[in-house]
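Encoded as structure tokens, the structure appears first; notes follow it.
The values are calculated or read from the model by the stated rules, or taken from the named source; none is laboratory data. None of these values were measured; they are calculated from a predicted model. No Cβ is skipped: glycine too gets one built from the backbone with ideal geometry, and neighbour counts run over all protein chains shown.
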């Protein structure tokens, strides 16, 4: 037998198997054929695997969005990954902002308060950018890679074996259908054979057969039961083979699916690594910002002093020396006063005072009040309130306001 003949016969056999499966599947969908149901344990394992795949994909994709919000950057990284090449280093948003702040601070002058503050903030932003890089790298290795390996590796193997099990089940049900039809044909042939025997006996008793007897003689044969008996034997043998292949494939699929529990345990460890990486990142950011806040601690008072200096200058224009003006600005008078010396008095008196807003402020939540520079609002203290905040009122609006943004008025 030539290789070409072998290939043609194999192709014909495969085509026949595919057609048989397609017919069986169609008849099942139309309710015209019976379907072999999987056992409850295997069905539960299949459902668990499908659920694991579904949510693993969602978690993986959303984690990628969290670590890299830019969709174009994600596509670029995906292409480089498929090409098995390392993606070029890209400056992140914190590092860009930090560099802008440093450049601006150098332009305004490191010796000025604003320039010095910009440089310090820029350096902190760049440190946060470095910490963000470490978070992305650690999360990709310890969390995203195991999830992707499951989707692209383990689950693909499970899906392949699941499809093979589905085909073996179709072959089994098709064999059952053929056996059922063969048995029905055999019984029918036996019936017609029995009728044929009766007809021949009656025909021998009479010289001319009746029309019914002629019909039986034309469609009945003693050879048909033997032919269908061979067909039944062949179908039973085919059923035993397909049943054995189905059982073996069901066992293979079951063993693979039972590994999902180990996958969950592995993903749990990866999740702990991801959480630990996030804790490290946020702890670093908090420490960086805490250090920055300490470095900038004197800046708000400097801004207030600059504001009071303008008041002092106006007083000096009224024939008062600059030294006397500075002293006067710190004493109770009809001019505006600095908030720091009078906040404790306001808290102790439990009264309300008018205050001028020094800078614009956007409320962080509904409990705070947004402010506009130079507007005048009413402020007062509430027992138990944080020392850095006061309650502010503007008409019917009410909310917490930061003390460093205010200047109390007499």
Expected single match for under 30 Å from residue 123 (Cα atoms), at pLDDT below 85 and surrounded by fewer than 16 Cβ atoms within 10 Å (Cβ to Cβ) among 319, 387 is 387
Of those in segment 103-130 that are in contact (Cβ under 8 Å) with a residue 24 or more places away in the chain and farther than 17 Å from residue 293 by Cα, the residue surrounded by the most Cβ atoms within 10 Å (Cβ to Cβ) is 129
If we ask which residues in segment 141-152 are in contact (Cβ under 8 Å) with a residue 12 or more places away in the chain, closer than 23 Å to residue 285 by Cα and surrounded by fewer than 18 Cβ atoms within 10 Å (Cβ to Cβ), their number turns out to be 1
